[in-house]
Amino acid sequence: MSRTGARRTTSVLAVVVALAAVLSGTTAQAGTSPAPSGGSHAATARPAPPKPPVAVVPKNAGHRPLPAHSGTGRRIVYSEKTPQHVWLVEADGTITADYAGSGRADWPMPGTYHVFSQSRYSSATGLTFAYMTRFAHGRHANIGFHTIPRYNGSHRLTHPVSALGLPVGHGGCVHLIDAGAAFLYRWARIGTTVVVLR
């Protein structure tokens, strides 16, 4: 290849590389980092990761009919009547998911509550659990939806998954299968209405 042809090939390649860099949104050269913008903290500041998207409805969703007089709008409905059950309802009344839950038969009191905080991991005396979504204030602790508690330092559950739906809870929280608690945690937001029925 002549020198002229080699120069043309090199020029074409340089244009292609530059165009690819522009289209990809970066003009940094290899081995360098883009200049930070937005102040001295821009290079190290990282935005908080968003909640994972709601994607998979738990496999054992029961598709039980929603009880009458369970409110309106986007809400979580929890029935303390055995078999205890939880529904996630969209604003138009569509049931997104529903599954068995286990709490107490007498606490919290029936009524309308609102989600006020969430924690990916939480604990109580001697117990750990995940995907905590709090909606009520109990006598000694906050009440929420979460996974079946495990005894600290072990994988042993406080009750078997097969007991979900029975009023086997002690403090008032509602225990759900892991996938159910995770789905509710991602679906709910601060301020989401929770309707407790008996």
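Every number in this text was worked out from the coordinates using simple rules, so none of it is lab data. Values in this document were obtained by computation on a predicted structure and should not be read as measured data. Backbone-built Cβ (ideal geometry, glycine too); neighbour counts: all protein chains shown.
Rounded, prolate or oblate: pick one for region 75-197, where a ≥ b ≥ c are the square roots of the eigenvalues of its C-alpha gyration tensor, a/c under 1.5 means rounded, and failing that, prolate if a/b is larger than b/c, else oblate.
Because its axes are fairly even, with a/c under 1.5, region 75-197 counts as rounded.
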Notebook entry, point to check: What is the packing order of peptides 84-91, 189-196, taking the mean over residues of other C-beta atoms within 10 Å and listing the highest first?
Noted result: 84-91, 189-196
Margin query: Using the crude model of +1 on Lys and Arg Cβ and -1 on Asp and Glu Cβ, and no other charge, please compute the dipole size for region 71-171 relative to its Cα centre, in debye to 20.
Written below: 320
